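Beneath this line is the structure, given in structure tokens, with notes to follow.
The values are calculated or read from the model by the stated rules, or taken from the named source; none is laboratory data. Predicted, not measured: the structure shown is a model, and the values here were computed from it. We place every Cβ from the backbone using ideal geometry, glycine too, and count neighbours over all the protein chains shown.
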Amino acid sequence: MGVTSSYDPARNASSLAGFVRRHDPDRFLTALFAPPAKREALFALYAFNHELARARETVSEAPLALIRLQWWREVVEGSRRRHEIAEPLSAFVDAGALPRDDLLGIIEAREIEPGPVIETSREWHNYLQAGAGGLAVAAARLLGATEPEQFRSYGAVFGLAGLLRSVGAHARQGRCLLPLDELAAHQLSPDQVIADPQTALGVVGQLSRKGLALLRHTRLPRALVAAALPAVLARRDLRRVDLFPRPRGAGDRLAVIWAGFTGRI
């Protein structure tokens, strides 16, 4: 049975922002450049995305991950759940700030993650375009973009960079999310990458160059720039191939701040 949402934006704002700051510090920083009136809904969107990412990371079997994704699908479709992220998300969906179709598309994209492998580069790129790319579209739409689809590539490249930065972390979990055809072109298998992530350096370098080629310098209105700011970090990450990345430094933060104030991506 559903429950009535008790979410109060004024009371819960610091809690939702704190959640994103702890679990997705990159997007937390970029969200600070959104107009204040839109910022809380953006935090709800990013918190939702983090919960979807956890669907596979916190379970031992793929079917359990799909069950978790289905739980979130039901939330987006209107089921009321007492949950620190589900309640604010439902409130913003009901208010029209976060369209259901955008959120459902992001969930659908995540369904490839519980699978044993991603077979082709086409599937891999489609997953990034629909998932991380769809998140950027939803953010842009929330911020009032008249053509939010133009933001899809910014999000997709940030997702691409994030996957490449996570090769080592995924290996420790016994996973490899690099496409099989790219691995095969370098005479590699997922098991080899899991056993020794350094073997994937050539694949990661090639995919990094392809990601960089998708980014174009542009200038955006200040009211919309937050939706594209993750691409600033993606560009920096893809220029430095690192399977076990260090924490963000001052250079990363300053690059985002400069782009946020100038609108130059």
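Here the stretch 24-37 is the region considered, the condition is being part of a helix (DSSP H, G or I) and crowded, with 18+ Cβ neighbours inside 10 Å, and the residue that is nearest to the chain's Cα centre (by Cα) is R27.
Identify all residues within the stretch 192-202 that are assigned to a helix (DSSP H, G or I) and under 11 Å from V167 (Cα atoms); write none if there are none. Once the filter is applied, which keeps residues that are assigned to a helix (DSSP H, G or I) and under 11 Å from V167 (Cα atoms), the stretch 192-202 yields V193, I194, P197, Q198, T199, A200, L201. Listed by first and then second residue, the pairs with beta-carbon distance under 8 Å, at least 6 apart or on different chains, first residue in the stretch 8-30 and within 15 Å of A226 (Cα to Cα) and among the basic types (K, R), second buried (at least 21 other Cβ atoms within 10 Å of the Cβ) and modelled with pLDDT under 95, form an empty list.
The requirement of being surrounded by fewer than 17 Cβ atoms within 10 Å (Cβ to Cβ), among the hydroxyl-bearing types (S, T, Y) and on the phi < 0 side of the Ramachandran plot is satisfied by S189. Would you list the helices (runs of 4 or more DSSP H) that sit entirely within the stretch 75-151 and hold 2 or more residues that are surrounded by fewer than 21 Cβ atoms within 10 Å (Cβ to Cβ) and at negative phi? Here the list reads 86-94, 100-110, 121-130.
One residue is enough: does the stretch 237-255 have a residue meeting the conditions over 27 Å from G115 (Cβ atoms), among the aromatic types (F, W, Y) and surrounded by fewer than 18 Cβ atoms within 10 Å (Cβ to Cβ)? Checked the stretch 237-255: no residue is over 27 Å from G115 (Cβ atoms), among the aromatic types (F, W, Y) and surrounded by fewer than 18 Cβ atoms within 10 Å (Cβ to Cβ).
Residue-wise test of (1) touching a strand residue (DSSP E or B) at 6+ places or on another chain (Cβ under 8 Å); (2) in a helix (DSSP H, G or I); (3) farther than 14 Å from S153 by Cβ; (4) β-branched (V, I, T).
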| position | (1), (2), (3), (4) |
| --- | --- |
| V204 | no, yes, yes, yes |
| L215 | no, no, no, no |
| P221 | no, no, yes, no |
| L233 | no, yes, yes, no |
| R240 | no, no, yes, no |
| R246 | no, no, yes, no |
| D252 | no, yes, yes, no |
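Pick out the one residue from S153, S189 that is hydroxyl-bearing (S, T, Y), out of contact with any Pro (no Cβ under 8 Å at 6 or more places or on another chain) and within 23 Å of R240 (Cα to Cα). Sole residue among the options that is hydroxyl-bearing (S, T, Y), out of contact with any Pro (no Cβ under 8 Å at 6 or more places or on another chain) and within 23 Å of R240 (Cα to Cα): S153. Within the stretch 225-265, the set of residues being in contact with a Pro (Cβ under 9 Å, 6 or more places away or on another chain), at pLDDT 95 or above and of a type outside the set (V, I, T) comprises A226, A227, D237, G263. Residues being under 18 Å from the mean Cα position of the chain (by Cα), at pLDDT below 95 and in a helix (DSSP H, G or I) are represented in the stretch 170-185 by at least one member.
Against the criterion of being hydrophobic (A, V, I, L, M, F, W, C) and either more than 26 Å from A228 (Cα to Cα) or without any contact (Cβ under 8 Å) to a residue 12 or more places away in the chain (or both), A65 qualifies. Scanning for something without any contact (Cβ under 8 Å) to a residue 24 or more places away in the chain and more than 27 Å from T58 (Cα to Cα), does the stretch 161-177 turn up at least one residue? Within the stretch 161-177 (the criterion being without any contact (Cβ under 8 Å) to a residue 24 or more places away in the chain and more than 27 Å from T58 (Cα to Cα)), the answer is no, since none of the residues qualifies. Every test in (1) within 30 Å of A37 (Cβ to Cβ); (2) modelled with pLDDT of 95 or more is passed by L163 save one, and that test is (1).
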